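Okay, structure first, notes after.
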Amino acid sequence: MSRLPCEEQVLEKIRPSREEHNHIWEVACALVDAVNDSGAARGMVVGSVARDTWITGDRDLDVFMLFDPALPRAELEHQGLDLARQIATRFGEGMREKYSEHPYINTTVAGLDVDLVPCYAVHTATGIQSAVDRTPFHTRYIRKHIDGFVDDVLLMKQFAKAGGIYGSDHVTEGFAGYLCELLVLHYGGFAPLIEGAGGWRPGMVIDIADHQAKAFDDPLVVIDPVDPKRNVAASLSLTRMFEFVELARGYAAEPGIEFFMPRMETPLTREQFGALLVERGTHLYAIVVPTPHVLPDVLIPQLRKSMDAIGGMLDRYGFCVSRMEACREEEHCMLLFELLVEELPPLKRHMGPNVWNAANVEKFLEKYTEGAFSGPYIDDGRYYVEIPRKHTRAVEMLRSPSPLKVALGKHVKIAMEEGWTLHLGGEVWQEEFVAFLSSFLQKQSPLLLVRKGRVKPHLP
């Protein structure tokens with residue numbers, strides 16, 4: 001397959017060396033043999049290592065332990081963790097219990113980050129008993145179809161990584177490795193994928209196996225070839241989808257190695273941050289709470305839910321949210337709101353029912369007859385009243401109990417009930433959040449970052 005010179009240059013940098021390949025497979029085979037020798041389960045290497053679609057420097061190795069499907073779920077977890085601990089003790093350095101749909105063990109073996117994951121050895125992907133049971137079928141499918149496309153997958157993964165859109169976690173909401181592989185297979189290579197992505201629209205459906213058995217309303221629908229009821233792109237957000245579309249159009253127009261280099265973000269100093277705020281003329285508010293001790297994939301959606309709820313309340317009160325974002329760091333979390341209005345007059349015009357809605361009219365008149373600046377009165381067939389505003393300043397509202405009365409995420413609500421810190425304006429600049437705050441004030445599309453030269457000068 002003919003490739004552009006920049007693509008050949010990238011592949012020379014990102015292909016694993018023979019020594020790297022042999023090392024990771026030596027470790028993988030030893031771990032699989034240990035699982036098989038236990039007699040309790042069958043070992044299998046899954047993920048990008050098993051499919052030879054990993055980029056040099058990636059040190060992740062996934063070894064699945066396939067147990068009899070007749071084993072009760074509680075026993076799978078018990079026996080699976082017990083076997084994983086034995087193997088980690090024998091081969092690894094350190095041991096950490098992690099949790100996806102059920103617990104597994106993470107350890108370090110010869111410099112590799114290893115996950116030892118119990119699952120069921122089900123006969124079909126549609127007969128899974130837990131989500132991880134599907135992974136071995138993904139590995140078998142890709143290994144069967146990947147011949148001739150490995151380099152294309154490497155290019156796609158590096159392209160997505162450099163654009164900041166690689167990863168299906170709740171923080172990134174981007175392209176999973178398996179999704180990258182399927183897109184390359186569907187289009188028949190990296191170049192056709194880049195060309196095809198330029199014409200994507202929301203709701204696009206790709207069904208490689210032509211067996212879709214369920215409708216989806218996600219931005220991009222890629223039916224899993226091993227499970228007709230699953231959308232592989234379910235975690236991909238509309239934002240990340242069209243950041244990829246923008247990058248693909250840019251690369252198609254002016255291909256260059258810079259599209260494969262990670263973006264370089266220069267953090268702001270406190271002085272630069274303050275100066276930018278003055279230029280914008282907006283009003284920045286940050287709610288900061290200690291980070292709850294739950295998995296990021298659990299906490300991030302809760303942070304976004306809480307941000308949306310508080311932002312919605314600010315809008316309803318009239319403080320006009322321009323933009324808002326949430327961030328999780330190790331020690332603290334931040335909900336950041338940029339407002340166009342920080343102070344309002346005491347008077348608030350409140351809309352009531354239509355005049356012909358007799359039942360609600362009586363309730364409205366009874367409630368608002370006393371204490372109003374004016375009204376109730378009729379305007380265009382509807383009652384209105386002008387009443388004193390509960391909060392005239394955004395800072396008052398955000399320091400009051402009001403934020404606790406909206407639909408917060410469970411663990412965020414618990415953290416906020418113990419107290420939160422409110423920062424205003426330049427005080428929002430906190431050392432722990434410098435990268436997040438710098439990105440917020442300097443937000444730009446991935447393509448503009450590439451064209452402005454804000455990329456790292458080296459590939460892996």
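What to note about this one:
- Taking amide H as placed 1.01 Å from N in the peptide plane, residue 104 has its amide H under 5 Å from the amide H of 98, 99, each at least 5 places away in sequence or on another chain.
- Mean ellipticity per residue at 222 nm, deg cm²/dmol - from DSSP H runs of n ≥ 4 across the chain, formula -39500 (n - 2.57): -12500 deg cm²/dmol
- Farthest toward the positive end of the dipole of the chain, out of 378, 261, 123, is the Cα of 378, where the dipole comes from beta carbon charges about the Cα centre.
- Label point distance in nm, residue 29-residue 213, each placed 7 Å from Cα along Cα→Cβ: 3.8 nm
- With each label modelled as a point 7 angstrom along the Cα→C-beta vector, the residue 245-residue 86 pair spans 5.3 nm.
- Debye intensity ratio I(q)/I(0), log10, the chain, q values 0.08 Å⁻¹ (C-alpha model): -0.63
- Ordering 64, 242 from the fewest to the most neighbouring beta carbons within 10 Å gives 242, 64.
- Across the cross-link table entries 157/214; 390/410; 305/405; 305/413; 214/305; 367/390, which are compared at the Cα atoms, the separations over 20 Å belong to 157/214; 390/410; 214/305.
- Computed magnitude of the charge dipole of region 347-388 (debye, nearest 20; Cβ of K, R +1, Cβ of D, E -1): 140 debye
- For residue 122, neighbours were defined as the other residues whose beta-carbon sits under 12 Å from its Cβ, and their charges (Lys and Arg +1, Asp and Glu -1) total -2.
Each value in this text was obtained by applying a stated rule to the coordinates, not by laboratory testing. Just so you know, these numbers come straight off a predicted model, no measurement behind them. FYI the Cβ positions are ideal-geometry reconstructions off the backbone, even for glycines, and counts take in every protein chain you see.
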